[in-house]
Structure formats: C-alpha cells, structure tokens
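J.: Take this structure, written in structure tokens, and hold onto it; I'll ask about it next.
Every number in this text was worked out from the coordinates using simple rules, so none of it is lab data. A quick note: this is a predicted structure, and the numbers were derived from the prediction, not measured. Cβ coordinates were reconstructed from backbone atoms using ideal geometry, including for glycine residues, and neighbour counts include every protein chain displayed.
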C-alpha cells in the first residue's frame, strides 16, 4: 500500500511539473513564411549558406528527396520537364536533401539530371516530413500554397495547370 502511495505521489508531482513547462510549437514548412526561414537551414553544394529569401518574388517548388529514394529519383525527369514548361512563369525549382554534399555531388556525376540541388541541414521531422518525396509550393510572396506528398508526374497537363495557378 505504501509503495502504491509513493508511486501515486511521484506521478502527481511529475504531472504538475510537466504542465508548467512552456510548450512551443515546432516550426514546420506548413507554418513558416519563406521570408522568416533561417538561411542556415540550406546550403549550396559548395557548403555556402543560402536562404529561400534569395528567391523572394519568385514561385518556389521545394522538393525534398534522397538518393536512396527510388520514387524521388524516378520523378526527376518529369521535374526537369516541368521546370522547362514553367520557365516563363517565374518558378524556381529547388531539390533539397539532408544527405552529405559529397553524396549529392556523386549522384549528380552519375546521372544526367540538370536540377538545382541544395542541402537541407535541419531535421526533416521538424518540417513534418516523414516520407519522401515531399514538395512544398510557395507563391511570389513566400506563402505556402500547396504541399504534395509522394511522387508526382510533374509535367502532366493538370499538374502544370495547378502550378501555373499557384497563388
């Protein structure tokens, strides 16, 4: 009986102290304005910090991928074609991975993909990314307008229309 009372008191004390901890939401891509995204979260392939703010005034297609992700790699040709189709629509395509720069450069050297690869230095879980690929679309003001989870046929007419109308 005394043992149960001790456990009950311990649980009650923990419950009270846990409720007093200030709970702050973790920023996610869904809640972030591109304008407030810290530049240190992304680097170019030379390791220089870049910011999504560098693309303010443009629409951004930010695709999270990995070299080991087959659907990610398989959708890259359609991403290239979509990039060409949307060239006049003020779009920038960025493909971000959390893999080492050496791995990204090795991938580029062994493929014929001509996309803008960048490195993400944060934790994908902070962005609520639990499966790849995941793509975030931002309008010219830096506001997220769409999230697409999973592989897509980016150059399909309905997808091009959706991207053109992303406001």
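J.: Would it be correct to say that residue 92 is assigned to a helix (DSSP H, G or I), within 24 Å of residue 155 (Cα to Cα) and free of Cβ contacts under 8 Å to residues at least 40 places away in the same chain?
T.: On the way: assigned to a helix (DSSP H, G or I): no; within 24 Å of residue 155 (Cα to Cα): yes; free of Cβ contacts under 8 Å to residues at least 40 places away in the same chain: yes.
For residue 92, the condition - assigned to a helix (DSSP H, G or I), within 24 Å of residue 155 (Cα to Cα) and free of Cβ contacts under 8 Å to residues at least 40 places away in the same chain - is not met.
J.: Give just the number: which of (1) over 26 Å from residue 167 (Cα atoms); (2) in contact with a strand residue (DSSP E or B) (Cβ under 7 Å, 6 or more places away or on another chain) does residue 100 not satisfy?
T.: Residue 100 satisfies all of (1) over 26 Å from residue 167 (Cα atoms); (2) in contact with a strand residue (DSSP E or B) (Cβ under 7 Å, 6 or more places away or on another chain) except (2).
J.: If you go through the stretch 130-149 one residue at a time, do you hit one that is assigned to a helix (DSSP H, G or I), under 20 Å from residue 54 (Cβ atoms) and touching a residue at least 12 places away in the same chain (Cβ under 8 Å)?
T.: In the first step, residues of the stretch 130-149 are kept if they are assigned to a helix (DSSP H, G or I); the result is none.
No, the conditions are met nowhere in the stretch 130-149.
J.: Related question: Could you pull out the residue among 148, 160 that is touching a strand residue (DSSP E or B) at 6+ places or on another chain (Cβ under 9 Å) and farther than 18 Å from residue 56 by Cα? If you could, list the steps in order and put the result at the bottom.
T.: Details: 160 fails: touching a strand residue (DSSP E or B) at 6+ places or on another chain (Cβ under 9 Å).
From the options 148, 160, the qualifying one is 148.
J.: I've got another one for you. Given the conditions (1) outside any helix (DSSP H, G or I); (2) out of contact with any helix residue (DSSP H, G or I) (no Cβ under 7 Å at 6 or more places or on another chain); (3) closer than 18 Å to residue 118 by Cβ, report the number of the one that residue 57 does not fulfil.
T.: (3)
J.: Against the conditions (1) farther than 20 Å from residue 156 by Cα; (2) exposed (fewer than 14 other Cβ atoms within 10 Å of the Cβ), where does residue 108 fall short? Just the number, please.
T.: Every listed condition holds for residue 108 apart from (2).
J.: Of everything in the stretch 153-167 that's touching a helix residue (DSSP H, G or I) at 6+ places or on another chain (Cβ under 6 Å) and assigned to a loop (DSSP other than H, G, I, E, B), which residue is surrounded by the fewest Cβ atoms within 10 Å (Cβ to Cβ)?
T.: Step one: filter the stretch 153-167 for residues touching a helix residue (DSSP H, G or I) at 6+ places or on another chain (Cβ under 6 Å), giving 153-155, 160, 164.
Filter once more, keeping what is assigned to a loop (DSSP other than H, G, I, E, B): 153-155.
Values: 153: 13, 154: 24, 155: 19.
Out of the qualifying residues, it is 153.
J.: Quick one: would you say residue 116 is free of Cβ contacts under 8 Å to residues at least 60 places away in the same chain and either more than 16 Å from residue 81 (Cα to Cα) or out of contact with any helix residue (DSSP H, G or I) (no Cβ under 8 Å at 6 or more places or on another chain) (or both)?
T.: Considered against the rule, which asks whether it is free of Cβ contacts under 8 Å to residues at least 60 places away in the same chain and either more than 16 Å from residue 81 (Cα to Cα) or out of contact with any helix residue (DSSP H, G or I) (no Cβ under 8 Å at 6 or more places or on another chain) (or both), residue 116 comes out as yes.
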